[in-house]
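Read the structure below first, then the notes.
The values are calculated or read from the model by the stated rules, or taken from the named source; none is laboratory data. Since the model is a prediction, treat every value here as computed from it, not as a measurement. Don't worry about glycine lacking a Cβ; one is built from the backbone with ideal geometry, like all the others, and counts go over all protein chains shown.
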Amino acid sequence: MRIKVDNLSFGYDYRTVLKNISFTLESGEFLVLVGNNGSGKSTLVKCLLGINRVPSNRIYIDDIDIHQYRQWINIGYVPQKFDDFNYEFPITVNEILTVSRLSKIDEEARLSLLDKIGILELQNENINSLSGGQLQRVFIARALMNNPKLLILDEPTVGVDSDSISEFYRLINNLNAEGVSIILITHDVKASKANFTKKLRMENGRLTETLDNEVTS
């Protein structure tokens, strides 16, 4: 999946958050977007997902203006889970995957996906009993249920132990190797083991530099 952002600005009320953002993600690329908290990274994600309404001719998905784009099933999204999800009632892994699914997937494919993500044995567990790393994999499985062409991950390793983080990067590196385009939002690329092909820095709502072969936070 190809993403093109062309001179995008966006704000809330009278506050401008994104300022003249432009970049391109080619099909199969792995983009890491780094920046401190409050730099505008999550706002950009919401623009890419169509949550924030942007002007026409600013975001193109597979060369289609985002206002005309309809195949949202092709985009998987893993949010900052502890900010966006707070389940105070009993629900199993299978149940959360079932209610989150937009299209049908046969039983063999479902079990194969759970096995691939490493949560096959957890499918009947209450999500409130899972560790941070296990819960993270549930959200990734949820995002992959429709076999997306693009996977967007917004600070997915916050609150996750180091062993689970290593396993997470192994998983998404494999997904990218299989052809899934990935956008990884993080504030600390030094801690990552991502096989990214492109790195951009966001600072005060602007993309300030391209970090070609330099690993930095």
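Values for this structure:
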quantity: Subset of the stretch 6-53 (residues that are among the hydrophobic types (A, V, I, L, M, F, W, C), over 18 Å from Gln80 (Cβ atoms) and out of contact with any Phe, Trp or Tyr (no Cβ under 6 Å at 6 or more places or on another chain)); calculated: Leu8, Phe10, Ile21, Phe23, Leu25
quantity: Some residue of the stretch 154-162 being of a type in the set (Asp, Glu), at pLDDT below 85 and within 24 Å of Lys4 (Cα to Cα); calculated: yes
quantity: Test: residue in the stretch 118-138 that is over 23 Å from Asn176 (Cβ atoms) and at pLDDT below 80; calculated: no
quantity: Residue in the stretch 73-89 that is farther than 29 Å from Arg137 by Cβ, modelled with pLDDT under 95 and outside any strand (DSSP E or B) present; calculated: no
quantity: Given (1) farther than 30 Å from Ser22 by Cα; (2) modelled with pLDDT of 80 or more, number of the condition Ile66 does not satisfy; calculated: (1)
